[in-house]
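Nothing in this text is a laboratory measurement; each read-out follows from the coordinates by a stated rule. Source: prediction; values computed, not measured. We place every Cβ from the backbone using ideal geometry, glycine too, and count neighbours over all the protein chains shown.
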Amino acid sequence: MASITVDHTELDRCRGCGALWLDSTVLERLLDRPDAAQLDTGDPAVGKEWNAVDRVSCPRHDVPMQRLVDHEQPHVWFEQCPSCHGVLLDAGELTDLAELTLADRFRSLFAGRRS
């Protein structure tokens, strides 16, 4: 992992696959940035391959991480550590989370009507 500092916020990027490791409070702050997708420099195709891996350990605590699904974009799966609540985003997932598409908005509206 290589450390990156953005506006006094530190995150780590895997030199191999481009995944991002974020401390528990960093994700929401990044999503509020208009240039969040520019931090996600990994290849989304590689990220999709890593998405198939369902047993990921926390890089800090070496415990199994929990897979989470973004409620507004159910195609985005990411992992969170049950101990430190750090988040691991595969390459392309920060870009996806930062750019809520028109199709995602329609899906969200439609899902709300069925409830």
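Among SER3, SER83, a tally of other beta-carbon atoms within 10 Å of each Cβ gives an order, fewest to most, of SER3, SER83. With all projection directions averaged, the alpha carbon convex hull of the chain covers 7.7 nm². Distance between the modelled labels on ASP7 and ASP43, one decimal in nanometres: 3.1 nm (7 Å Cα→Cβ projection). Mean residue ellipticity at 222 nm from the helices of the chain, using -39,500 (n - 2.57) per DSSP H segment of n ≥ 4 over the full residue count, to the nearest 500 deg cm²/dmol? Calculated mean residue ellipticity at 222 nm is -8000 deg cm²/dmol.
Taking GLY92, GLY16, GLY42 as the candidate residues, the one with maximal mean-square fluctuation in a Gaussian network model of the chain, Cα springs under 10 Å, is GLY16.
Charge tally around VAL6: other residues with Cβ under 10 Å, Lys/Arg +1 each, Asp/Glu -1 each, net -1. Spin-label model, ARG29 to ARG55: label points 7 Å out along the Cα-to-beta-carbon direction sit 3.5 nm apart.
Legend: ranking of residues HIS71, HIS85 from fewest to most surrounding C-beta atoms inside 10 Å; resulting order HIS71, HIS85. Using a Gaussian network model of the chain whose springs link C-alpha atoms within less than 10 Å, name the residue from ALA52, ALA19, ALA36 with the highest mean-square fluctuation. Most flexible of the set in this elastic network: ALA52.
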